[in-house]
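What follows is a single structure, written as structure tokens, with notes after it.
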Amino acid sequence: MSAIIEVDHLSKQYPRGPKALNDVSLSIDEGEIVAMLGPNGAGKTTLISIICGLVVPTGGTVRVGGHDIRDDWRAARKLIGLVPQEITLEPFETVLNTVRFTRGLYGAPPDDAYLERVLRSLSLWDKRNAATRELSGGMKRRVLIAKALSHNPKVLFLDEPTAGVDVALRREMWQVVDQLRRDGVTIILTTHYLEEAEEMADRIGVINRGNLLLMKPTAELMGEFGKKHLTISLYEPLAACPPELAERGITLSADGLRLGYDYDTRSDRTGIANLLADLARLGIQVRDVATKQSSLEEVFMALVADKPEDAA
């Protein structure tokens, strides 16, 4: 697939603040779902704002669909839909008119049939004549998504789209995201629900202090940085972990009935076979063995650990 977003050596220095972005380069293909992760203030929103034409970069270039965001900003902007973090809606306007107005801002001709499909996909059609002030927080956030989709964009930015949304609505939103991907829409999202990024994203980027630390396929990232935890359940409790096991990093639970062992999935020798052999030699009877893969949250925290947040 060809790249629909090309970011080349992008930087942003605020006059009276820290450097929000530092020489960021990345490429996103058509139809991809990319999750951008980073602590608060890492530079995620600044990156999105520059691509969407809301913030002027200090240096570097950005092209959307081959259009430079500064030299050909009208063409670039028409390809983009943005769902911001903040809920900003006209309180006395109806849902349908709000979405119609946004579509008109992009110069798109009226198409109520298309807007009906968008509102139905977001479970908003029954609320089309309701004033936005009457809606719940979750409903208002769905209206923001409808506004972003009103002009049928090719690229959709979701900046913390499920913040403040209950579990049921969150699942509905991700079903919509999955359908948009099937329709060929490229989706870039930021989220604090890391399990969503792990499940939905084709690739994951990690930003910290304005630097893009990495951009990798999700499975590759988990394989490279993820570790597995082995839990060995015992028939009889141990009073203490045998010294020869403790030296290898084996831990014992407080009740003495479980041994824990972290191992690297990339290693040619995990040490599990030797561990089980040592348990048999020591006369320790094993009841059960279970493994657990490190979550994306654990991987993310390891990547940004001990790195102070000073970017906007």
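Figures for the structure shown
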{"item": "Debye-sum result for the range 178-274 in log10 I(q)/I(0), which assumes one identical scatterer on each alpha carbon, at q = 0.14 Å⁻¹", "result": "-0.75"}
{"item": "Value of Rg to Rh for the range 25-181 (Rh from inverse mean 1/r over Cα pairs, i.e. Kirkwood)", "result": "0.96"}
{"item": "Positive-pole candidate from 235, 284, 270, dipole of the range 235-293, charges at beta carbon", "result": "270"}
{"item": "Equivalent-ellipsoid semi-axes of the chain, from the Cα gyration tensor, Å, largest first", "result": "46, 24, 17"}
{"item": "Reference-scaled alpha-carbon Rg (2.2 N^0.38 Å with N residues) for the range 1-103", "result": "1.19"}
{"item": "Two-site FRET efficiency, residue 231 against residue 199, from Cβ-Cβ distance with R₀ of 25 Å, rounded to 0.05", "result": "0.60"}
{"item": "Within the chain: Cβ-based charge dipole about Cα centre, in debye rounded to nearest 20 (Lys, Arg +1; Asp, Glu -1)", "result": "780 debye"}
{"item": "Relative contact order for the range 3-223, counting Cα pairs under 8 Å that sit 6 or more residues apart, in percent", "result": "28 percent"}
{"item": "Where labels lie 7 Å past Cα in the beta-carbon direction, separation of residue 97 and residue 134 in nm", "result": "1.3 nm"}
{"item": "Per-pair calculated FRET efficiency, R0 = 41 Å: residue 262 and residue 75 via Cβ, rounded to 0.05", "result": "0.20"}
{"item": "Pairs of lysines in the chain (C-alpha under 20 Å apart; 8 or more residues apart or interchain)", "result": "14"}
{"item": "Distance between modelled label sites at residue 239 and residue 68, nm, 7 Å Cα→Cβ extension", "result": "7.8 nm"}
{"item": "Environment charge at residue 111 (Cβ cut-off 11 Å; Lys +1, Arg +1, Asp -1, Glu -1)", "result": "+1"}
{"item": "Furthest towards positive pole of dipole, 252, 102, 88, structure part the chain, Cβ charges", "result": "102"}
{"item": "Sites residue 291 and residue 168, calculated FRET efficiency, Cβ-Cβ separation with R0 41 Å, nearest 0.05", "result": "0.85"}
{"item": "Label-point separation, residue 213 to residue 13 (7 Å along Cα→Cβ), nm", "result": "2.5 nm"}
{"item": "Neighbour-count ranking [beta-carbon atoms within 10 angstrom, fewest first] of 215, 36, 301, 173", "result": "301, 215, 173, 36"}
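Just so you know, all these numbers are worked out from the coordinates, no wet-lab data involved. This is a predicted model, so every value here is computed, not measured. Ideal geometry is used to build each Cβ from the backbone, glycine not excepted, and the neighbour counts take in all protein chains shown.
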